[in-house]
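Step one of this worksheet: look at the structure below.
The values are calculated or read from the model by the stated rules, or taken from the named source; none is laboratory data. Bear in mind the structure is a predicted one, so any value in this text is a computation, not a measurement. Note: ideal-geometry Cβ built from the backbone for every residue, glycine included; neighbour counts use all protein chains shown. Surface accessibility is based on the protein's heavy atoms, side chains included, excluding ligands, DNA and RNA. Shrake-Rupley method; radii C 1.70, N 1.55, O 1.52, S 1.80 Å.
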Amino acid sequence: MRDYDIDAEPPRLQVFEGVVTRHLLDEINATIDASRETWRPADGRRATQAARRFADMLRQNEGFQLAERQACEISRRWARKAGWELNGEPPLCVLRCVNSGLPAQSHLRHYDSHILTLLIPLQQAQATQENGDLILYRRQRHAVTAMSNIVAKIRLILLRNLPFVIRRAQTFRHLAEHLCDRIACVPGNVYAFNGFVTLHANLHAEAGERRSLIVHYYDPGLTAGLSTVPRACRALRDRLLDALQHTRPRA
Ligand SMILES: [Fe+2]
């Protein structure tokens, strides 16, 4: 595993290689397979008790603990330097399962509401031109204020509603112009980046299914409700689906 000088500027991307064991990946994927019937949200995304449980399972592994601690420490220092107060909210754990039937979930350029994002690939889509890899833009935004953040969010929401073919063409044009990089998401590795200042998206999954556990840390609260309202709605939906899953009779 690479070590980083936490006093230095945070790297755009940290890759912690070989942190999650094959055994643990198999266990998590088997749990997802077993709950497939009820796990079909239209956007392929859920913040569930299961996602939190998977994150806790990862934390039993010393390598993951170290990666998480290091990434969190860098982010806290960066936030302090930026002069932001961080509240003590627990991390938001999200499970994403995206397949070829969900093109609306690909090529969606966005900034996260949280400072630190840990991306833990659980399963790769099949190797084709588009296999769900992460797209990370090179230029990070600076001097983010509440107003500039809201303006950026609204602009990106409008762009996200463009047809898939246009969003896709934009991604490949930006790759050709070296504005962004394609990051191969390998199960077993953990990818840490500052999604609050780094524009990012995912390629489409043309075949098979891309599964990821995503853990977001430290929301500086600069969205004036643009993120909290949809997040609260999604949390309510996820709780209802969780309750439904637990009340459904087992076969
Ligand atoms: Fe994101």
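Coupling constants for region 50-55 follow from the phi torsions by the Karplus curve (6.51 cos²θ - 1.76 cosθ + 1.60, θ = phi - 60°), and in residue order they are 4, 4, 5, 5, 4, 5 Hz; glycine and proline get x.
Shape summary of region 22-132, radius of gyration then Dmax from alpha carbon positions: 16.0, 46 Å. Couplings 3J(HN,Hα) of region 117-133, computed from phi: 10, 9, 9, 10, x, 9, 7, 8, 6, 5, 6, 9, 4, 10, 10, x, 4 Hz, in residue order, whole Hz [Karplus 6.51 cos²θ - 1.76 cosθ + 1.60, θ = phi - 60°; x for Gly and Pro].
Approximating the spin labels as points 7 Å out from Cα along Cα→Cβ, the Glu73-to-Glu17 distance works out to 2.2 nm.
Residues His178, His142, His107 ordered from highest to lowest accessible area at a 1.4 Å probe: His142, His178, His107. Dipole check for region 86-160: with +1 at the C-beta of Lys and Arg, -1 at the C-beta of Asp and Glu, and the Cα centre as origin, the magnitude is about 340 Debye.
The simple spin-label model puts a point 7 Å past each Cα toward its Cβ; for Leu156 and Gln140 those points are separated by 1.4 nm.
Ala201 sits among other residues whose Cβ lies under 11 Å from its own Cβ, and their net charge, with Lys and Arg +1 and Asp and Glu -1, is +4. Summing charges over neighbours of Thr171, with a neighbour being any other residue whose Cβ is under 13 Å away from its Cβ, gives +2 when K and R count +1 and D and E count -1.
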